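Worksheet: the structure to be examined is printed underneath.
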C-alpha cells in the first residue's frame, strides 16, 4: 500500500517536471522566428507595456518595423533594470530613457547617444489635495513629499532648490509606491504623478466623502512645464560606439522612422492603439489606457519641428537643471556638461525627410486631444 | 504562513500512526476528514477575524504618538473577503477577449510554479552535489563553506539585475538565454543553500561507532556513503527541502518583479498594485495566488518526504542518527 502510494507520488512528480519542461519549450519558441531578411533589433522600454509606449507597440503590431526590414523585440523593464543601464550593458540595441537619467549614467562612463527626442514636454506632476494649500513649489517646505527616486525626482528637486528649499532637509522625503494610496490616505502631502498614469489613478478612486470619484477640482497640481523646471523625458537612445558602424546607423534611422509612424498612427487612432496596448498584456484597464494614450499624445503633439526633433533650448535647460540640482544625498545630478556625442539629430532628420516624402504629417499642427471619461478603477 | 501546516504533519507522525494502528481500519479516513475540516475552519476563522476587524477597526488607522499602530480598516486597505472572491470572476480589462482576474491569476500561478520548480530542482541538485563534495574532501568543505554562507548575504535586489544582465549575453549552444531562466537561476540560488548545509550536516551525522563498524567491514568510502551516510542524511535533508521550496518560490516571485519578467505572479502583483488606489481586491487575489503556490510547493515536498522515508522503514535509522537528529 505504502509502496504503491509512493510510486504514484513519484510518477506525479515526474509528470509535473515533464510538463514544466514542455511548458518552458513554449516560451523558448517566442524569442526565435522572424524571416531571415529582417534585422533583429532589441528595443528596451522604460516600464511595463502601457500607452506610454503605444507608438512602439503600434509600430510592431501594425507592421511598421517590418516595412523597414526590422524584426523588433520590445523588452519590458522593471524597477531594477533601468533601460539606459541595459543599453549600456549591451542587453539591448536601443532604449527608451529619460534624458537626465541617461546623462547621469553617461557621466559615469556609459557611451550612449540620444538619437530622437520623442516626448517634447514633461509629464511629471506633483499632486496634492487642495486643502493642503500647495500652490507653488515654495509651499512644499516642511511637508511630506512623495517621490519615486531612481532619478525620477530631479524636476521636483530642481523646483524645490529654486524655491530655496533644501530637498535633503527642508522637506520630509517619502519613497512612493506603485500607486497613489499614500496620497489618498494622507500619509504624504504631495505625491509625484505622471499626467498619464498616477494622476489618472487618483481620478479613478472613490472619494469616501461623496461616494463618487475624485474630481480634478479636489487637487492642486504642480506642473513642471509651467514651473519651468521640466526636463526632457522619453527619447530613443543608441549605443555611441556602435553608431560608427554604417549598418547600425541605417538601423537607427529605420527604427526612428518606424516608431514615428507608430506615434502618428496612435495620434490619429487613439482607441485602436489603446486596444493594441491592452492586447500586449497591460492590466491597467481600458479607460485608464485611453486616458494615458490621450495624455501621452499631448506630450508629443504638436511637434512644430517634426516629432523626434530635439529642441536645443530644452536640452540646455535639462543639462543646466541637472548641474544645479542637488539630490537627497546633496550631490548634483551632473557635475559638468555632457561630453562627446550626447545627442545627434542626424538620424531623426533623415527619417523625417523620408516620412515627409511619403506624405506623413510629422508635426501634428492640427492635433486636438480627445475627451476621456475615466471609469471607477479605470476598467 | 503558507508553510505553517505541513511541519506539524511530519514530526508527530510517528506517535500518531502508532495510535492509529490500534484503531479499526476505517478510522484513518475519519482522521483525514477531521484534518480537512480543521483546515477549512481555520480559513473561515481567519476570514471572520478579518471582517471583525473591518467592522470595529478605525477606518483611517490608529496612531500612537504619530506612529501607525493599527492598520486601516477602509475598503482600499482591507477589502471585504467576498469582494476579493467576487473580483476573481470579473474581467481584467473591459475589452473583448480579456481574461477574468481568476483566469489571469491561475495562468500566472502556473508560470511561477514552472519557474520555481526548475529553480528548486536545480537548487537541490547543486546543493546535494556541493554537500557530497564537501563531505568527501575536508579541504573542499573548508574552502567552500564560508562562500556558501556568504552567498546568502548578497541582497537579492542587487543580484537580480546582474543575473538578468549577464543572461542577455549568454548563448548556450543554439539555445538563447531566456529571461525566465534568470528568474529560475535566482530561485535556485536561494534554494541550494539550505540543501547544501542541511545535507552536509546529515552526511556528517553518523556516530563514531557506526563509522567504525563500517570500517571493520572494510567498506570503501563510497560503500559507507551509500549504506550509511546517505540514509542518515535524510532526516536532515527533509527540513532543508522545506526551506528550499519556500525560498525557491519567494526567489522566483521577487526575481520576476526585479527583472521585469512578464507572466508570473510577481509581475501580476506589480500590475495589480498599480491600480490598487481604486481597486485593491485584485491585488489581494494575486497575493492569494502567491500563497497557494507556496502551499503547492509545501505539498510537493511532503510527497517527496513520503517517497524518501518509505524506503528506510520507520525507526531503522543506523546508530547515532536518532539522538543527533534532535540536537
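The values are calculated or read from the model by the stated rules, or taken from the named source; none is laboratory data. All values reported here derive from a predicted model rather than from experimental measurement. Cβ atoms come from the backbone with ideal geometry, glycine included; neighbour counts cover every protein chain shown.
The set of residues in the range A:328-348 that are assigned to a helix (DSSP H, G or I) and either within 23 Å of the chain's Cα centre (by Cα) or farther than 19 Å from residue A:314 by Cβ (or both) comprises A:347, A:348.
If the requirement is being in a strand (DSSP E or B), within 14 Å of another protein chain (Cβ to nearest Cβ), at pLDDT 50 or above and touching a helix residue (DSSP H, G or I) at 6+ places or on another chain (Cβ under 7 Å), which of these qualifies: A:96, A:57? Testing whether each residue is in a strand (DSSP E or B), within 14 Å of another protein chain (Cβ to nearest Cβ), at pLDDT 50 or above and touching a helix residue (DSSP H, G or I) at 6+ places or on another chain (Cβ under 7 Å) leaves just A:96.
With respect to the conditions (1) under 16 Å from residue A:87 (Cβ atoms); (2) outside any strand (DSSP E or B); (3) touching a helix residue (DSSP H, G or I) at 6+ places or on another chain (Cβ under 8 Å), residue A:116 falls short on a single one, namely (2).
Can you tell me which residue is nearest to the chain's Cα centre (by Cα) among those in the range A:171-188 that are free of Cβ contacts under 8 Å to residues at least 40 places away in the same chain and either away from every other protein chain (no Cβ under 12 Å) or in a strand (DSSP E or B) (or both)? Out of the qualifying residues, it is A:175. Name the residue that is modelled with the lowest pLDDT, counting only residues in the range A:140-151 that are surrounded by fewer than 23 Cβ atoms within 10 Å (Cβ to Cβ) and at negative phi. Applying the filter and picking the extreme gives A:148.
Filtered by the rule that a residue be free of Cβ contacts under 8 Å to residues at least 60 places away in the same chain and either surrounded by 15 or more Cβ atoms within 10 Å (Cβ to Cβ) or within 15 Å of residue A:162 (Cα to Cα) (or both), the range A:119-139 gives A:138, A:139. Scanning the range A:70-86 for residues that are within 11 Å of chain B (Cβ to nearest Cβ) and in a helix (DSSP H, G or I) turns up A:83, A:85, A:86. Looking across the range B:122-138 at every residue that is free of Cβ contacts under 8 Å to residues at least 60 places away in the same chain and part of a helix (DSSP H, G or I), the one that is farthest from residue B:247 (Cα to Cα) is identified as B:138. Applying the criterion of being in contact (Cβ under 8 Å) with a residue 40 or more places away in the chain and surrounded by fewer than 19 Cβ atoms within 10 Å (Cβ to Cβ) to the residues of the range A:152-165, the residue that is nearest to residue A:323 (Cα to Cα) is A:162. Filtering the range A:99-127 to residues that are within 14 Å of chain B (Cβ to nearest Cβ), modelled with pLDDT under 95 and in contact with a strand residue (DSSP E or B) (Cβ under 9 Å, 6 or more places away or on another chain) leaves only A:105. Just the residues that are in contact (Cβ under 8 Å) with a residue 40 or more places away in the chain and at the interface with another protein chain (Cβ under 10 Å from one of its Cβ atoms), please, taken from the range B:261-270. Across the range B:261-270, the qualifying residues are B:261, B:263, B:266, B:267, B:268.
Filtering the range A:265-323 to residues that are within 14 Å of another protein chain (Cβ to nearest Cβ), part of a loop (DSSP other than H, G, I, E, B) and surrounded by fewer than 21 Cβ atoms within 10 Å (Cβ to Cβ) leaves only A:281. Could you go through the range A:137-149 and let me know if any residue there is in contact with a helix residue (DSSP H, G or I) (Cβ under 7 Å, 6 or more places away or on another chain), within 14 Å of another protein chain (Cβ to nearest Cβ), assigned to a strand (DSSP E or B) and under 28 Å from residue A:172 (Cα atoms). Yes - at least one qualifying residue is present in the range A:137-149.
Results for (1) crowded, with 23+ Cβ neighbours inside 10 Å; (2) in contact (Cβ under 8 Å) with a residue 40 or more places away in the chain; (3) not assigned by TED's automatic domain parsing to the domain that holds residue A:316, shown as yes or no for each residue.
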position	(1), (2), (3)
A:200	yes, yes, yes
A:204	yes, yes, yes
A:208	no, no, yes
A:211	no, no, yes
A:216	no, no, yes
A:219	no, yes, yes
A:223	no, yes, yes
A:245	no, no, no
A:249	no, yes, no
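Regarding the range B:186-193, can at least one residue be identified that is touching a helix residue (DSSP H, G or I) at 6+ places or on another chain (Cβ under 8 Å), over 30 Å from residue A:289 (Cβ atoms) and within 12 Å of chain A (Cβ to nearest Cβ)?
Yes, the range B:186-193 contains at least one residue that is touching a helix residue (DSSP H, G or I) at 6+ places or on another chain (Cβ under 8 Å), over 30 Å from residue A:289 (Cβ atoms) and within 12 Å of chain A (Cβ to nearest Cβ).
Residue B:66 falls short on exactly one of the conditions (1) away from chain A (no Cβ under 11 Å); (2) at negative phi, and that condition is (2). Of all residues in the range A:349-365, those satisfying the criterion of being free of Cβ contacts under 8 Å to residues at least 12 places away in the same chain and either exposed (fewer than 12 other Cβ atoms within 10 Å of the Cβ) or assigned to a loop (DSSP other than H, G, I, E, B) (or both) are A:357, A:358, A:359. When residue A:202 is tested against (1) away from chain B (no Cβ under 14 Å); (2) not in a loop (DSSP other than H, G, I, E, B), only condition (1) is not met. Here residue A:370 meets each of (1) at pLDDT below 90; (2) in a loop (DSSP other than H, G, I, E, B) with one exception, condition (1). Look at (1) within 11 Å of chain A (Cβ to nearest Cβ); (2) touching a helix residue (DSSP H, G or I) at 6+ places or on another chain (Cβ under 8 Å); (3) free of Cβ contacts under 8 Å to residues at least 40 places away in the same chain; (4) under 30 Å from residue A:374 (Cβ atoms) and you find that residue B:110 fails only one, number (4). Under the condition of being surrounded by 20 or more Cβ atoms within 10 Å (Cβ to Cβ), in a helix (DSSP H, G or I) and without any contact (Cβ under 8 Å) to a residue 24 or more places away in the chain, the residues counted in the range B:68-107 number 0.
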